[in-house]
Ligand code: TMP
């Protein structure tokens, strides 16, 4: 039997409150309309072990953790997620839409946590080998806009949502620097616009990629 064409791997990134999860659902619907089989997943998480690590990092009493501890925990979750879900899906031709991936580690642990680009890169190469997303959408909003949106959403802030504005600025800038470094993979979407305008911008990017990938 002929090997299926490998699925595409799309990730959604941004500071907290940028609206990336809503856009993940939008892209899932859009791909469905184009007859593309896809699944949506998230990081940290995506497997039973990954979700347990997520709750250790985000839900449980904010146990003290150094940036290095956070880095190793998110990559432990990622290794399991890749083996259990992402790699098998891509291999059988299913597209994977993932709410956050390794760019978040560069932004949160590398930039805000102070570990730097190279420390993240070493573990990335070891855990992922040459696997990288085919497309990353970075939803960009100024820090005060993101904070107002998460506060409006209510509930208790988790470890990362409660970071101060200077850490959040570092996270936002790190995403913009990653976009400048990897311009063919990363598209920055201005997420201060209305939901309809953000949807339109996202739809434009996805339509462009569909046309390119289907004729590759
Ligand atoms: P979210 O699902 O609401 O985006 O929450 C996930 C949080 O985890 C978010 O605040 C960013 C943080 N995070 C990291 O610090 N490093 C990582 O590698 C990932 C994937 C997420």
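Rule-based calculations on the coordinates, nothing more; no lab input. These figures come from a predicted structure and were not determined experimentally. Positions of Cβ are generated from backbone atoms using ideal geometry, with glycine treated the same way; all protein chains shown enter the neighbour counts.
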In nanometres, the difference between 0.36 nm per residue of separation and the alpha-carbon distance of residue 60 and residue 84 is 6.2 nm
Both in Å, the radius of gyration and Dmax of the C-alpha trace of the stretch 100-164 are 14.3, 40
P(r) over all Cα-Cα pairs of the stretch 135-216, 5 Å bins from 0 to the longest distance, whole percent per bin, short to long, reads 3, 13, 19, 20, 19, 13, 7, 4, 2, 0
The stretch 85-174: relative contact order from alpha carbon pairs under 8 Å, six or more residues apart, as a whole percent, is 34 percent
Taking Cα pairs closer than 8 Å and at least 6 residues apart, the relative contact order of the chain in percent is 31 percent
At the level of C-alpha centres, the distance separating the stretch 201-216 and the stretch 37-51, in angstrom, is 24 Å
Under the 7 Å Cα-to-Cβ spin-label approximation, residue 156 and residue 121 lie apart by a distance in nanometres of 3.9 nm
Expected sort for 181-190, 16-25 on mean C-beta neighbours within 10 Å, highest first, is 16-25, 181-190
Applying the gyration tensor rule to the Cα atoms of the chain (axes a ≥ b ≥ c; rounded if a/c under 1.5, else prolate if a/b exceeds b/c, else oblate), the class is oblate
The FRET efficiency for residue 211 and residue 149, from their Cβ-Cβ distance with R0 = 35 Å and rounded to 0.05, is 0.60
Under 15 Å by backbone N from the virtual spin label 7 Å along Cα-to-Cβ at residue 69, the residues of the stretch 39-59 are 53-59
Residue separation between residue 6 and residue 92 times 0.36 nm, minus their alpha-carbon distance, gives in nm 30.3 nm
Packing-ranked peptide list from 6-12, 87-93, highest mean Cβ count within 10 angstrom first, is 6-12, 87-93
The distance between the Cα centres of the stretch 3-25 and the stretch 152-196, in whole Å, is 14 Å
Expressed in angstrom and ordered largest first, the alpha-carbon extents of the stretch 58-126 along the principal axes are 39, 30, 18
